[in-house]
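Asks: The structure is given below, and queries will be raised subsequently.
Just so it is clear, none of the values below were taken in a lab; they were calculated from the coordinates. None of the values given here were measured: they were computed from a predicted structure. Cβ sites come from the backbone with ideal geometry, for glycine too, and all protein chains shown count toward neighbours.
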Amino acid sequence: MKKIFLLIVITFISLSNLTAQNTYDIRFSQNTNTDANCGYFNAYFKNTPKEIGYSILREGNKLYFQVTDKNWGINLFKKSGDGIAIDVVSKVRYKCDSIIEDSQIRGTILQPVYAKQLVRGFKPTLGDRFKTFVGTVPSDLQDEELEFNILFLNNKVLCRYQRIYNLESYPWDLLDMGVYLDSLTYKSKEITTEKDKFVTKYKKLKFVIPFQKNKAAYLPEDIKPVYDSLKLTDFNIKKINIKAYSSIEGSLERNLELQKLRAESIAKSMQSFQKPDIETEISSAENWVEFLNDISKSKYKNLKNLSKKEIKQKVVGSVSDELEIYLKNHRKAVIILELEKKDKYKEMTTNKLITIFNDFILKENIEEALVVQNSIFEKLKEENSPDKLRELTVPKQQKFVPILNKNSMFKYLLNISYAKIAFDELKMLEKLDPKNIKIKYNLVVLRFIIWENNWEKITIADFKKDIYQLKKIGVKSSLIDRMFVNFHIVKAKKNMIAKNYDAKDDSIDFIVDTYENFDLSNYDYLSLAQFLNYYSNKDDAIDLLDVKVRTITVDEDLLFYYLNLTITNKYNVASNNYRTMMLNAINMNEKRFCKIFNASLNDGVTFQLLENEYLRKTYCESCVNE
């Protein structure tokens, strides 16, 4: 399972319009860029590597200044008057029925802590970080939802006032390269279109079914493509994901009722194809995304500036009739079917399957043994242990290499800690079948895991040679490019740890220049965006996701991560397209959207986003009951 880290992104705020309050001995400059007292601080922050992070850590009611590089923190405070003060900001400031004062100091300033105390106080904390004490939360604020802005003082002059955003970022997994079992198979259960001898176990089908106005039933011709596809396969439906959309006119209550009925009618129809129960996941929403996109081309484009409630009041009568040319396309259901290959051995126990498998091996019926082997794998997934594989008696002969390869790789797929064991087993198989492309491909995949986890010394030049060799023996260029992106993901990680930031940036540049050479799944897009952001390349992460997030069927995690990256930029928020994406996010998962405005130390981005008038209006419209 991936481990999540939360990077803290800091933004600078101008010092105009400071509110008069108890400011202790802090002196305020009208222009920090020209103030001689701020010259050293300005240069120091300007030359700070983007990889260095700092934040405020709360432990109980004690507050600490936390840095990722102790020496950077110590060198920041040179003079006795250099220090930090904390502005304690309460979410109460942003109540929907209150008026926000125009002030840069947004809460209660704590007594400053200066260089001598700060430098002496640095102590190691979790995640190779260091912290030093900077204050205590006032007793009258301790039960409120709080955030902590930082006042950086140079010779007691306020030179920087900064608030903290909590933006999710991850030292993410490698892009899924797949492994060769019967065919190239990915963890996401998606497969390539290569025409391998053996059938694959999983696949997905996606359909869009339109609905007529105020009708919950679909027309037979609209669902015929779904029926035809199912009749042509020998798969069972494992899961149905139905996203039902209504057009935006009319009452929300009636629209939700229609959406529910539409989704249920489809699920019932799909269940009629088979006896095994189908796991069904249903979500519904009014189709604001396509509505706002479509009216931007019409004489009603000014509606985009209104609230949802105001738009509904306008889209009635003749206006509704005129907009029907668009609205008719907004009533639909998007269906994703996850199909699983029918398993004729499914009802048998693991022990019975092992007996049948060994009998097929004795008869050298390799093709049927491979089918039984897949059924055994499914049983062992539930047991989460590969121990039973020892009972499969497979001779170490070339003709049995396909089975032996699958046994080794299944251990790795079940538990990554078996990667080195699987690697050693495949090296032995390579001697039996030295030209086997699947074994050579799997060896390179496993070597990535070994290298990333430092389980064995890897010579980089030899490793690159092994990857290039795959291309020479027929592996597609797109898979080679994917491997080289992973190669640089690991290199970036290792250079980041070594604080070799220039080399890390070289790897990032390679990744950005290369990922367009191959197809990315939703999982890949999210992985790569989070990786780029983690390594301080936020703009590249935004560019990666920009096109993907503009459709109503966008993956929820992709959309919310894009919002996470962009919502702190006031210019993004001001655009009409951004409003459309936010409404899409609210329709998908309102609770998750509202959580963005929690405190940065309470899994939100920051509630200080509500300084923005439009975001506050959206929040108060959608989240006041959260």
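Asks: If each of T551 and E391 carries a label point 7 Å out from its Cα toward its Cβ, how far apart are those two points in nm?
Replies: Computed distance between label sites T551 and E391 equals 4.6 nm.
Asks: Taking the Cα centre of region 5-169 as the origin, how large is its charge dipole in debye, to the nearest 20, when only Lys and Arg (+1) and Asp and Glu (-1) carry charge on their Cβ atoms?
Replies: Working: 20 positive and 17 negative charges, 142 e Å.
For this selection, approximately 680 debye.
Asks: Tilt of helix 350-362 relative to the longest C-alpha principal axis of the chain, in degrees (0 to 90, nearest 10)?
Replies: Between the helix axis and the principal axis of the chain, the angle is about 50 degrees.
Asks: Moving on to the next point. In debye to the nearest 20, how big a dipole does region 77-166 give about its Cα centre with +1 on each Lys and Arg Cβ and -1 on each Asp and Glu Cβ? Display every interim value, and only then the final one.
Replies: Working: 14 positive and 11 negative charges, 144 e Å.
The dipole magnitude comes to about 700 debye.
Asks: Pairs K206/K388; K206/K309; K344/K471; K62/K95; K238/K440; K328/K595: which are spaced more than 30 Å apart, C-alpha to C-alpha? Mind dumping the intermediate values first?
Replies: Numbers: K206/K388 37 Å; K206/K309 33 Å; K344/K471 38 Å; K62/K95 26 Å; K238/K440 33 Å; K328/K595 33 Å.
As for pairs spanning more than 30 Å Cα to Cα, those are K206/K388; K206/K309; K344/K471; K238/K440; K328/K595.
Asks: Shifting gears a bit: Can you list which of the trypsin sites (Lys or Arg not before Pro) found in region 37-127 are DSSP loop residues with at most 14 other C-beta atoms within 10 Å? Before the final figure, lay out each step's value.
Replies: Working: sites: K46, K50, R58, K62, K70, K78, K79, K91, R93, K95, R106, K116, R120; in loops: K50, K78, K79, K95, R106.
Hits after loop and neighbour filter: K50, K79, K95.
Asks: With point charges of +1 on the Cβ of Lys and Arg and -1 on the Cβ of Asp and Glu, referenced to the Cα centre of the chain, which listed residue (I421, M409, F130) lies farthest in the positive direction of the dipole?
Replies: I421
Asks: What percent does the relative contact order of region 425-522 come to when contacts are Cα pairs within less than 8 Å and at least six residues apart? Present the calculation step by step, with values, prior to reporting the outcome.
Replies: Numbers: 60 pairs, mean separation 21.1, N = 98.
Value for region 425-522: 22 percent.
Asks: Report, ordered by chain and residue number, the aspartates and glutamates lying within cross-link reach of K156, taken as a straight Cα distance under 16 Å and ignoring same-chain residues fewer than 8 apart.
Replies: Answer for K156, where 16 Å is the Cα cut-off: D25, D35, D82, D87, listed by chain and number.
Asks: Determine the percent antiparallel among the DSSP beta bridges restricted to the chain, to the nearest 5. Walk me through the numbers on the way to the answer.
Replies: Numbers: 63 of 73 bridges.
Around 85 percent antiparallel, to the nearest 5.
Asks: Another question about this same structure. For the pair I99 and K344, how long in nm is the line joining their label points, each one 7 Å along Cα→Cβ?
Replies: Once both label points are built, they end up 8.0 nm from each other.
Asks: Still on this structure, please answer the following. If I stretch the segment between A267 and R58 completely, what's the gain in nm (0.36 nm per residue apart, minus their alpha carbon distance), one decimal? Intermediate values should be presented prior to the final figure.
Replies: Details: separation 209, 0.36 × 209 = 75.24 nm, distance 4.81 nm.
Extra length from A267 to R58 when fully extended: 70.4 nm.
Asks: Got a sec? Charge dipole of region 477-626, +1 on Cβ for Lys and Arg, -1 for Asp and Glu; which of F484, N577, A599 is way out at the positive end?
Replies: The residue sitting farthest along the positive end of the dipole is A599.
Asks: Would you compute, for the Cα atoms of the chain, the largest minus smallest coordinate along each principal axis and list the three values in descending order, in whole Å?
Replies: 89, 71, 42
Asks: Choose one of F531, N75, Y501: the residue whose Cα lies farthest towards the positive end of the charge dipole of the chain (beta-carbon charges +1 Lys, Arg; -1 Asp, Glu; about the Cα centre).
Replies: Of F531, N75, Y501, it is Y501.
Asks: Within 10 Å of each candidate Cβ there may be at most 11 other Cβ atoms; applying that plus a DSSP loop requirement, which trypsin sites (Lys or Arg not before Pro) in region 214-320 survive? Working shown, then result.
Replies: Details: sites: K215, K231, K238, K239, K243, R254, K260, R262, K268, K297, K299, K301, K304, K308, K309, K312, K314; in loops: K215, K297, K299.
Passing sites in region 214-320 are K297, K299.
Asks: If you bin the C-alpha pair distances of region 271-349 every 5 Å from 0, what whole percents do you get?
Replies: In whole percents, the pair-distance histogram is 3, 10, 19, 17, 9, 7, 7, 7, 8, 5, 3, 4, 1, 0.
Asks: What angle do you read, to the nearest 10 degrees and between 0 and 90, between the alpha-carbon axis of helix 522-534 and the longest principal axis of the chain?
Replies: The angle comes out at about 40 degrees.
Asks: Report, in listed order, any pair from K570/K591; K215/K308; K275/K341 with a Cα-Cα distance greater than 19 Å. Mind showing how you got there, number by number?
Replies: Details: K570/K591 23 Å; K215/K308 23 Å; K275/K341 15 Å.
Listed pairs above 19 Å: K570/K591; K215/K308.
Asks: Can you give me the angle between helix 220-231 and the longest principal axis of the chain, using Cα atoms only, in degrees from 0 to 90, rounded to the nearest 10?
Replies: It works out to around 60 degrees.
Asks: Just for region 5-169, what percent of DSSP beta bridges are antiparallel, to the closest 5? Intermediate values should be presented prior to the final figure.
Replies: Working: 41 of 43 bridges.
If we restrict to bridges inside region 5-169, about 95 percent are antiparallel.
Asks: How long, wide and thick is region 201-341, going by the Cα atoms along their three principal axes, in whole angstroms, largest first?
Replies: 51, 27, 24
Asks: Please list, by residue number, every one of the chymotrypsin sites (Phe, Trp or Tyr not before Pro) in region 492-533 that is coil in DSSP and has at most 15 other beta-carbon atoms within 10 Å.
Replies: Details: sites: Y501, F510, Y515, F518, Y523, Y525, F531; in loops: F518.
Sparse-neighbourhood loop chymotrypsin sites (Phe, Trp or Tyr not before Pro): none present.
Asks: Further question: Treat every Asp and Glu Cβ in the chain as -1 and every Lys and Arg Cβ as +1, leave all other atoms uncharged, and give the resulting dipole magnitude about the Cα centre to the nearest 20 debye. Could the numbers behind the result be given before it?
Replies: On the way: 96 positive and 84 negative charges, 169 e Å.
Computed charge dipole of the chain: roughly 820 debye.
Asks: Then there's this: Using helices alone, I'd like the mean residue ellipticity at 222 nm for the chain: each DSSP H run of four-plus residues gives -39500 (n - 2.57), total over residue count, nearest 500.
Replies: Working: 23 runs with 268 residues, N = 626.
Value at 222 nm, helices only, nearest 500: -13000 deg cm²/dmol.
Asks: Oh, and also: Taking Cβ-Cβ under 4.7 Å as the only way to count a partner, pick out the unpartnered cysteines of the chain.
Replies: Within the chain, no cysteine lacks a partner Cβ under 4.7 Å, so the list is empty.
Asks: Checking the table K406/K457; K381/K472; K78/K504; K332/K548; K224/K268 against a 23 Å threshold on Cα-Cα, which pairs fail? Kindly include the intermediate steps, with their values, before the conclusion.
Replies: Details: K406/K457 26 Å; K381/K472 35 Å; K78/K504 30 Å; K332/K548 20 Å; K224/K268 15 Å.
Pairs exceeding the cut-off: K406/K457; K381/K472; K78/K504.
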